[in-house]
Amino acid sequence: MSLLVVGSVAFDALETPFGKTDKIVGGSASFISLSSSYFVKPVNIVAVVGGDFQKSDIEKFQEHGIDTTGLQIRENEKSFFWSGRYFNDMNSRETLVTELNVLEDFDPIIPDSYQNCEYLMLGNLAPQVQRTVIERLQNRPKLIVMDTMNFWMDVAYKELLKTIALVDVISINDEEARQLSKEYSLVKAAKKILAMGPKYVIIKKGEHGALLFSNDDMFYAPALPLDEVFDPTGAGDTFVGGFIGYLAKYGEATFYNMKNAVIHGSAMASFCVEKFGTERLLNLSDREIEKRVQQFSRLVQF
């Protein structure tokens, strides 16, 4: 099943209670693509980087079955860069530096070989850019999933609503769900967001798991208690990567399959936080993933 991922490929510089990094590979499309590549290949990616992005990092994507035909490289410009510091609880963070660089005027060009994709994952980008991707596809995919953030609710609310109306699944965290819906109860929030157009709403609650809502059903997946969390950056993107990768593998977006996809996405996110950046996602085995999924299954059995 063909999967198209659109988002950012970037550099991050991170500081957590467990250590500090210089520039490392980050960005929503990086985490989503690497995570989903454990379930489906190829993963087609549309993103933009500057000439400072290393050829060796692009090759790492390719080694994981990620088709980089749609990765635009602007040789004389710099890649998107974000720097942040996490506090002791690892749930709150401070942004130190944000440099949009090539992302500021990103125009998502869809290669002909990416047309007719069956699954589309729209990573966190301006809602106008996300909608442009949908409009440029010759045929509507079987399933469109989007991620977004509170920044776009603040600066591009009307554009965001237009994009939400076009997708099948929206993935946001609990704070964003409350802001978007203006409801404190997440159950009420999900109902209001479903009324905006999507068939399914995923509300991520970080270390407290994730909720999946449709008009008729609800599912809760806990987070796996871990000995150590080194870096939560990209965990949400890794989650949706595992989620859509699983659905692309099994080919049918029933609520039953989506529950399984939430568990597999949660398993992938639990790996992501064990190391800085994408490091843990580069060296997983199928056996490790299956074992982690079994751990999640035991958490929800009674």
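The values are calculated or read from the model by the stated rules, or taken from the named source; none is laboratory data. The structure presented is a predicted model; accordingly, all values stated were derived computationally and were not measured. In this analysis, Cβ positions are derived from the backbone assuming ideal geometry, glycine residues included, and neighbour counts consider all displayed protein chains.
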For the stretch 132-151, give me each residue that is surrounded by 16 or more Cβ atoms within 10 Å (Cβ to Cβ) and under 17 Å from ALA29 (Cβ atoms). THR132, VAL133, ILE134, LEU137, PRO141, ILE144, VAL145, MET146, ASP147, THR148, MET149
Among helices (runs of 4 or more DSSP H) completely within the stretch 212-302, the ones holding 3 or more residues that are in contact with a Ser or Thr (Cβ under 8 Å, 6 or more places away or on another chain) and β-branched (Val, Ile, Thr) are 235-250
Please tell me if ALA221 is small (Gly, Ala, Ser) and at pLDDT below 95. yes
Could you check how many residues of the stretch 72-82 are within 20 Å of the chain's Cα centre (by Cα) and part of a strand (DSSP E or B)? 3
Criterion: aliphatic (A, V, I, L, M), modelled with pLDDT of 95 or more and under 18 Å from the mean Cα position of the chain (by Cα) - qualifying residue of LEU194, LEU212: LEU212
Tell me whether the stretch 45-65 contains one or more residues that are in contact (Cβ under 8 Å) with a residue 24 or more places away in the chain, assigned to a loop (DSSP other than H, G, I, E, B) and either among the basic types (Lys, Arg) or touching an Asp or Glu at 6+ places or on another chain (Cβ under 6 Å) (or both). yes
What are the residues in the stretch 227-264 that are in contact with a strand residue (DSSP E or B) (Cβ under 7 Å, 6 or more places away or on another chain) and among the polar types (S, T, N, Q), if any? THR233
